[in-house]
Amino acid sequence: MVSIVYAVCGYFFLLLTVRVLKRRAGSGISMLDFVLIFLIGGVIILGTMAQDRSMTNAVCIVITVGFLHRTVAWAKSKSPRVGALVDGVPLVLVDRGQSRKEVMDHMRITDLDVDIATRAARVPSRDQVEYAVLERNGSISVIPKK
Amino acid sequence: MSMSASPITRRVEDDVPRYNDEVAVGEDLEFQRKWWKFENAVWVFFGIIIVCDVLGVFGRGWLAKAQATTPDRAVVLSYERMERAFTPSILDLEISQNAIRDGKVTVFVSGSVVKDLGAARISPQPLTSTIGNDGYTYVFPATTSPATIQIALSPPSAGLRHFRVQVAGSEAIEASVFVFP
């Protein structure tokens, strides 16, 4: 019973912590992300198990986390507001060729990140970018000038 | 051969708000500005938690350490007023010469020390231990002061816990401990 409560608290605390970390440009998992994943994952599991290392406890916690994840995914699909809270909203980084400093500074996105996304989109240079959008998963979509 | 039912479909609608009436982005900058403020508040809160933890507000630190003494200063009890569930700590009972009688010290600890605070080990080993009066009475061999009895604790659950310790010939010491989950 206590483990279930700990699992619920752990899930939402982890969700909050991951959510308030800035979206990393590029969206892929880097070495730095692995440090976070392993360390936070390892620490939270110790507290959640609450000294009960039985298979029964492990199964109950896995089911609880599964249910929570399913519920959050369902809420996201039903309400755009929940989706915005959990995943964030897309943000325009480059508007008609001009960088939006407020958004880029707050999201810790550099011109270099936009340059990388520009090349990945097979656009030769920044001055040919009409729009660049930071997506919810951290990737940058580039729309070239016509 | 029966035909399988065709799946339910609905018309695709472009309901994502457009940016500059051109790109369907669905940006909500007002929401994002509020979120940035919320993010900053969360990190300030997290910072406060770290500082509190370093100071011992959540146990195992400077602010968690507590001492209680009998009026005649025969017994000094050192403990942590904030404990953590399943985390070991030590409760020290320092006995002065006044409390040593005939080479023995008799100590009563309430049952909550074992049940709520998870007393796992007592050092040194008592000569005798007796149950009754909602607690345990231990008799230790002793020579001269300073003499210290240590009780290793590991609370099994969270909550506010009260306990009582009394050395024969002195007044009882009552204290409370908050156990964090």
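Points worth noting:
- Which listed residue is in contact with a Gly (Cβ under 7 Å, 6 or more places away or on another chain) and surrounded by fewer than 14 Cβ atoms within 10 Å (Cβ to Cβ), from B:Arg121, B:Arg101: B:Arg101
- When restricted to residues that are assigned to a loop (DSSP other than H, G, I, E, B), of a type outside the set (Ser, Thr, Tyr) and out of contact with any Lys or Arg (no Cβ under 8 Å at 6 or more places or on another chain), region B:3-36 contains 17.
- Taken as a whole, region A:78-100 holds at least one residue that is outside the structural domain of A:Val8 (by TED's automatic domain parsing), among the hydroxyl-bearing types (Ser, Thr, Tyr) and at pLDDT 90 or above.
- Among the residues of region A:86-112, those that are in contact (Cβ under 8 Å) with a residue 40 or more places away in the chain and assigned to a helix (DSSP H, G or I) comprise A:Val86, A:Asp87.
- For region A:90-104, a residue qualifies if it is within 10 Å of chain B (Cβ to nearest Cβ), out of contact with any helix residue (DSSP H, G or I) (no Cβ under 6 Å at 6 or more places or on another chain) and under 18 Å from B:Trp36 (Cβ atoms), and the qualifying residues are A:Pro90, A:Val92, A:Arg100, A:Glu102, A:Val103.
Matching residues to (1) within 30 Å of B:Ser170 (Cα to Cα); (2) more than 9 Å from chain A (Cβ to nearest Cβ); (3) out of contact with any Pro (no Cβ under 9 Å at 6 or more places or on another chain):
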| position | (1), (2), (3) |
| --- | --- |
| B:Pro7 | no, yes, yes |
| B:Glu13 | no, yes, yes |
| B:Glu27 | no, no, no |
| B:Phe31 | no, no, yes |
| B:Lys34 | no, yes, yes |
| B:Asp72 | yes, yes, yes |
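- Candidates A:Ile116, A:Ile29, A:Ile63, filtered to the one that is away from chain B (no Cβ under 14 Å), surrounded by fewer than 16 Cβ atoms within 10 Å (Cβ to Cβ), among the β-branched types (Val, Ile, Thr) and under 26 Å from B:Ala85 (Cα atoms): A:Ile63
The values are calculated or read from the model by the stated rules, or taken from the named source; none is laboratory data. Note that the coordinates shown come from a computational prediction; the quantities given were computed from them, not determined experimentally. Note: ideal-geometry Cβ built from the backbone for every residue, glycine included; neighbour counts use all protein chains shown.
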